[in-house]
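Quick notes on the structure that follows.
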Amino acid sequence: MKVKKAVFPVAGLGTRFIPATKAMAKEMLPVVDKPIIQYAVEEAFAAGIEQIIFVTGRGKKALEDHFDRSVEIESNLEAKGKTELLKQIQELVPRTGTIVYTRQHQPRGLGHAIWCARDIVGDEPFAVLLADDMIKTEGKPVLSEMVEQFDRFRASIAAVMEVDKSQTDKYGILDAGPLEDKIVRVNDMIEKPAPEEAPSNLAIVGRYILTPKIWDHLGKKQKGAGGEIQLTDAMRALLKEQPIFGYKFEGTRFDCGDKAGFQMANLAYALERPELKDKLLDFIKSGCFNIIDFRSCSSQKIAILEPGRLFANQ
Ligand code: UTP
């Protein structure tokens, strides 16, 4: 069966981004000029997803409004003849029923947020996208690649990347063996292990395709790391019944739920925009920054700037 539905859990509190997230969803923070959520929604549609299910919580009204019509702005743009902008905001509104909403009444963890979408997804494979994990690729978006892999394996699959060993306590970490060039087969997984307990440095990031069997395990609502109902724990239980694979994507991942990761995403995406690139580079080169280190990050060179600032150069 084709992967047609995608769940977007957006009910977290975004505490790492306080105060910006006190009254606003972190998914509505803009990277350049688009809210984070819009990048992920575009990625889902590009991968052939036909229905998007937002799992929202309190204070997420702006997110719903973003994908709704804004009659006042539309008539204003129309009156002023700003047809290009008008087209842009009209295109944001999908056909009725393409985006549906459900609620997680309390932020009880990622696993619980996904479980809140069970009746809407039903008995079919589905994607999960954590919008605050932005993944910039040269080629196809990561979810499109994963849908292709799912069609081959017909089993659950998660996007994975290597992280610094000191960072394992921020991720679901795999014990996995190589299967193909970009595919690993998962033997076990553990949520947020301390570096000395981590089976590897292979971490899951925010793209998944899951088989409906996961509902049995999410439905048990067992609490795990941090007292939250974790998706990793449900996937671990699923492993006893079905294989799970990891997809080692090519690209740069930005953790936009983190203040530094968010700034890096803004810089990387802004430097790709012809109308912004020269202005930004001129500013960076103007001498206000002291370059202390150069590192390679995917296909781009990154200069680390004092104090901890960063920019990408071609
Ligand atoms: P995060 O841990 O990155 O988000 O969860 P958070 O809890 O909002 O952020 P911090 O750690 O407090 O800063 C990953 C994703 O899961 C969603 C979040 O919205 C985010 O997209 N989530 C998390 C839920 O929808 N509900 C939850 O109970 C927890």
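The values are calculated or read from the model by the stated rules, or taken from the named source; none is laboratory data. As the structure is a prediction and not an experimental result, all values here were calculated from the model. Cβ sites come from the backbone with ideal geometry, for glycine too, and all protein chains shown count toward neighbours. Note: areas computed on protein heavy atoms with side chains; ligands, DNA, RNA excluded. Shrake-Rupley method; radii C 1.70, N 1.55, O 1.52, S 1.80 Å.
Observations
- Pairs of alpha carbons in the range 113-183 separated by more than 21 Å make up 40% of all such pairs.
- Extended-chain gain in nm, criterion 0.36 nm per residue less alpha-carbon gap, Lys259 and Lys165: 31.8 nm
- Rounded to the nearest whole angstrom, the semi-axes of the ellipsoid equivalent to the range 56-138, taken from the Cα gyration tensor as √(5λ), stand at 31, 16, 13, largest first.
- Sequence ranges 218-227, 147-156, ranked by mean other-Cβ count within 10 angstrom, highest first: 147-156, 218-227
- Residue among Gly57, Gly139, Gly81 with the largest mean-square fluctuation in a Gaussian network model of the chain, springs linking Cα atoms under 10 Å: Gly81
- Fully extending the segment from Glu91 to Glu72, taken as 0.36 nm per residue of separation minus the present Cα-Cα distance, adds 5.3 nm.
- Gyration tensor (alpha-carbon) shape descriptor, the range 1-127, a/c threshold 1.5: oblate
- D (Stokes-Einstein, µm²/s), Kirkwood Cα radius, the range 58-104, 1.567 mPa s at 4 °C: 109
- Stretchable slack from Lys221 to Ala194, in nm (0.36 nm times residue separation minus alpha-carbon distance): 7.4 nm
- Entries in Lys26/Lys220; Lys22/Lys192; Lys26/Lys140; Lys4/Lys26; Lys140/Lys248 that, when Cα-Cα distance is taken, lie over 18 Å: Lys26/Lys220; Lys22/Lys192; Lys26/Lys140; Lys4/Lys26
- Taking the protein heavy atoms of the range 1-123 in the context of the full set of protein chains, the accessible area attributed to carbon and sulfur is 53 percent at 1.4 Å.
- Separation of the alpha carbons by more than 30 angstrom is noted, of Lys82/Lys277; Lys87/Lys259; Lys61/Lys136, for Lys87/Lys259.
- All C-alpha to C-alpha distances of the range 140-269, sorted into 5 Å bins beginning at zero, yield P(r) values of 2, 10, 19, 22, 21, 14, 8, 2, 0 percent in whole numbers.
- For the range 1-145: accessible area per residue (Å², 1.4 Å): 50
- Dipole magnitude (debye, nearest 20) for the range 196-285, charges at Cβ of Lys, Arg, Asp, Glu: 220
- Max mean-square fluctuation residue, GNM over the chain, Cα-Cα springs under 10 Å, options Leu281, Leu13, Leu210: Leu281
- Debye log10 I(q)/I(0) for the chain, one point scatterer per Cα, at q = 0.06, 0.13, 0.15 Å⁻¹: -0.21, -1.01, -1.32
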